[in-house]
Amino acid sequence: MASETRTPVVLCWHMHQPSYQDMRTGEFLFPWVYLHTIKDYSDMAAHLENEPEARAVVNFAPVLLEQIETYLVQIERWRHGAGEIGDPLLSALVAAELPETGTPAFLDLMEKSLRANPERIIRRYPAYARLAELADIYRKKPELQRYISSRFLSDLLVWYHLGWMGETIRRDNHCIQSLQEKGYNFSMEDRRVLLDVIFDVLSGIGPRYRHLAHKGQVELSVSPYTHAMLPLLLALESAREAMPEIALPAHSHYPGGEERSGWQLEKARMVFQRFFGIEPVGCWASEGGLSQATLGVLGQHGFQWTASGDSVIHNSLNLAREQEPELSDSGIHQPYSFGESPVTVFFRDDGLSDLIGFTYADWHAKDAVGDLVHHMENIASEAKGKPGPVISVIMDGENAWEYYPENGFHFLDELYRVLAHHPRLELTTYQELTANPVSEPVRLPHLVAGSWIYGTFSTWIGDPDKNRAWDLLCEAKIHYDRVMDNGSLNAEQKESAKQQLAICEGSDWFWWFGDYNPAQIVSDFEHLYRRHLVNLYEIIGYPAPASVFQKLSQGSGEPARSGTMRPGHEADNPA
């Protein structure tokens, strides 16, 4: 059979956003959930729909799915006059009255409507580029602001949403094409039509991926509920397995971390099952963050596979060789298991994945795919005769494509076309490889704790700002535990507190703290993190300490890809 001679290739796309919603007010502080949904999550589904022979693993963070659902509920209520749209940008798109020129609210909406890739999105459309030029004049010459009408802002809002629209939608949707051709002077009817398109895209995401899974084209997997970093919840000191000298927070451990890790996984299963109607077989632990204890928790909750970065397996092999010097290097293109854990672990080829994330955006699509597939063919040739080889490309499903022409349309189209019909490479899923293994996974005594970024946890802990954030979370958890046990909260309040604590446990907040990140994004995320903590204190009825109101981190760096992506190996960091 052909499948016996072709080397398995898994393309695993991870879709996630943290909670941008203030649970107390219902307001979304940032628009990235719905913008990445209309641009990236929709396009990623469409490329698979357009190539029926292609297969992939698509992983969803449950907190992302819930936020998409909240947008749909808010828009539907607004349509019926029963509520407001909680996202300021989306609300402004269809607002009957926009802020007056010269007001802080006007300037805020203007600046937010320009948060798009200048080369690939803004300058692609002459009308959008002209509005961006006018915004620059607006900033530099305040005396001219009084002469700029609200029409400028309404057109800018329309173009912002058109710019963020997925390429597959842009090519197929007549309403979007009509608005682009019109170019300016958009009416309220135009703006409402655009909102209708956005609503339709948001509402179609769950059913489309559910259908792809039902057809067997896609394996859907899940992350911990709020994308929490389970190894650190379980043991902050696990960071020292890969970095023995790393500085740790003042608190020695996260209180009740094992119980919270189990809650994160159980809640993830519940949300996933509600959205997709199936049970997940695999769990992409947030950012590939694994430890031996994490494997134990994953196994307890019935997960059969997980994955991480290739530095983690290199560290684990090096540790195993200290005990068994004659141990052969099985490499990264093999499934593994560790200790007594029944969970199969696959490892990302960081070199291949980072080529997509950081190199190919400026290449012609055919050249880029040809180069990638050539690397895969070489790996397949070297793996010939070895038991159970598998090539894993694991990436964010949203952040790379804005750096490609037309949102990666040509690259992804070519990638799926070539791999779906390749004579020596076979697209498959981890579920298939786990259910029908060619051979037993290579078993090692212990997994050295780490993530897909550098094989360490340094992106989330160790920096003074990150450690302060952990101490704030640990302190809040201590107060949370006391209140949850003293009987002062009713059942509904306890559920709200659990939900709010989970949001604070998300890994994304810690990712952004540190001087090497851009100042604006650090400011956004540290403010939102502290707001989530304040909300937690309000729910449990305990006064928030003064430290929660003090700025955590500044940020002054200019990392590649604005810091939203990082390469697997520190030596390859293009920042």
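Grouping the Cα pair distances of the stretch 214-269 into 5 Å bins from zero gives a pair-distance distribution of 4, 17, 21, 17, 14, 11, 7, 4, 3, 1, 0 percent in increasing distance order. Rounded, prolate or oblate: which fits the stretch 107-259 when a ≥ b ≥ c are the square roots of the eigenvalues of the alpha-carbon gyration tensor, with rounded for a/c under 1.5 and prolate only if a/b beats b/c? The shape class here is oblate.
Each part reduced to its alpha carbon centroid, the stretch 68-92 and the stretch 237-299 end up 33 Å apart.
Taking 0.36 nm per residue of separation and subtracting the current Cα-Cα distance, fully stretching the chain between Glu97 and Ser252 would add 50.5 nm.
Rounded to two decimals, the Cα-based Rg/Rh of the stretch 302-455, with Kirkwood Rh, is 0.99. Can you give me the P(r) profile for the stretch 462-545? Cα pairs, bins 5 angstrom wide beginning at 0, each as a whole percent. The calculated distribution, bin by bin, is 3, 15, 26, 22, 15, 10, 6, 3, 1. Take every DSSP beta bridge whose two residues both sit in the chain; close to 10 percent of them are antiparallel. In the chain, Cα pairs under 8 Å separated by at least six residues give a relative contact order of 20 percent.
Taken over the Cα atoms of the stretch 428-486, the convex hull encloses 193 Å³ per residue. Using a/c under 1.5 as the rounded threshold, could you call the stretch 220-379 rounded, prolate or oblate? The axes a ≥ b ≥ c are square roots of the C-alpha gyration tensor eigenvalues, and prolate needs a/b larger than b/c, oblate otherwise. Taking the square roots of the gyration eigenvalues as a ≥ b ≥ c, the stretch 220-379 is oblate.
Each 10 Å bin from zero holds the following percent of Cα-Cα pairs in the stretch 123-175: 22, 45, 23, 9, 1. Ordering Tyr225, Ser238, Pro207 by the projection of their Cα atoms onto the charge dipole of the stretch 180-297, which places +1 on the Cβ of Lys and Arg and -1 on the Cβ of Asp and Glu, puts Pro207 at the extreme positive end.
Over the stretch 96-135, one equal point on each Cα, no solvent: what is log10 I(q)/I(0) by the Debye formula at q = 0.15, 0.19, 0.29 Å⁻¹? Here the Debye-derived log intensity ratios amount to -0.39, -0.59, -0.96. Between Leu98, Pro423, Ala361, the Cα set farthest toward the positive side of the dipole of the chain (charges on each charged residue's Cβ, about the Cα centre) is that of Leu98. Two numbers describe the Cα atoms of the stretch 480-522: Rg and Dmax, which are 15.4, 44 Å. By definition, a body whose alpha carbon gyration tensor gives a ≥ b ≥ c is oblate when a/c is 1.5 or more and a/b is not larger than b/c, and the stretch 299-364 fits this oblate description. Each of the peptides 472-485, 510-523, 168-181, 452-465 was scored by the mean count of other Cβ atoms within 10 Å over its residues; in descending order, highest first, they stand as 452-465, 510-523, 472-485, 168-181. Note on the stretch 1-143: the alpha carbon radius of gyration divided by the globular reference 2.2 N^0.38 Å gives 1.38.
Sequence-distant contacts, meaning Cα pairs under 8 Å at least 6 residues apart, place the relative contact order of the stretch 1-160 at 21 percent.
Convex hull volume per residue, computed on the Cα atoms of the stretch 337-397, equals 104 Å³.
Element breakdown for the stretch 259-306 at a 1.4 angstrom probe: carbon and sulfur atoms account for 54% of the accessible area. Projecting the Cα positions of Pro142, Val158, Cys175 onto the charge dipole of the stretch 136-186 (unit charges on Cβ atoms of Lys, Arg, Asp and Glu, taken about the Cα centre) puts Pro142 furthest along the positive direction. The GluC sites (Glu not before Pro) of the stretch 1-70 that DSSP puts in a loop, and whose beta carbon has at most 12 other beta carbons within 10 Å, are Glu53.
For the stretch 395-531, the alpha-carbon radius of gyration amounts to 1.53 times the rule-of-thumb value 2.2 N^0.38 Å expected for a compact globular protein.
Accessible surface calculations at 1.4 Å, restricted to protein heavy atoms, place the chain at 39 Å² per residue. Across the stretch 353-482, C-alpha contacts under 8 Å between residues 6 or more apart give a mean separation that, scaled by the residue count, equals a relative contact order of 24 percent. Each peptide among 496-505, 534-543 gets the average number of other Cβ atoms lying within 10 Å of its residues, and from highest to lowest they stand as 496-505, 534-543.
Helix content alone sets the calculated 222 nm mean residue ellipticity of the chain: runs of n ≥ 4 DSSP H residues at -39500 (n - 2.57) each, divided across all residues, give -15000 deg cm²/dmol. Computed from Cα atoms alone, the Kirkwood hydrodynamic radius reported for the stretch 398-472 is 17.3 Å. Using Cβ point charges alone (K and R +1, D and E -1), the dipole size of the chain about the Cα centre works out to roughly 1020 debye.
The values are calculated or read from the model by the stated rules, or taken from the named source; none is laboratory data. Everything numeric here is computed off the predicted structure, so don't read it as measured data. Cβ coordinates were reconstructed from backbone atoms using ideal geometry, including for glycine residues, and neighbour counts include every protein chain displayed. For accessibility, only protein heavy atoms count, side chains too; no ligands or nucleic acids. Shrake-Rupley method; radii C 1.70, N 1.55, O 1.52, S 1.80 Å.
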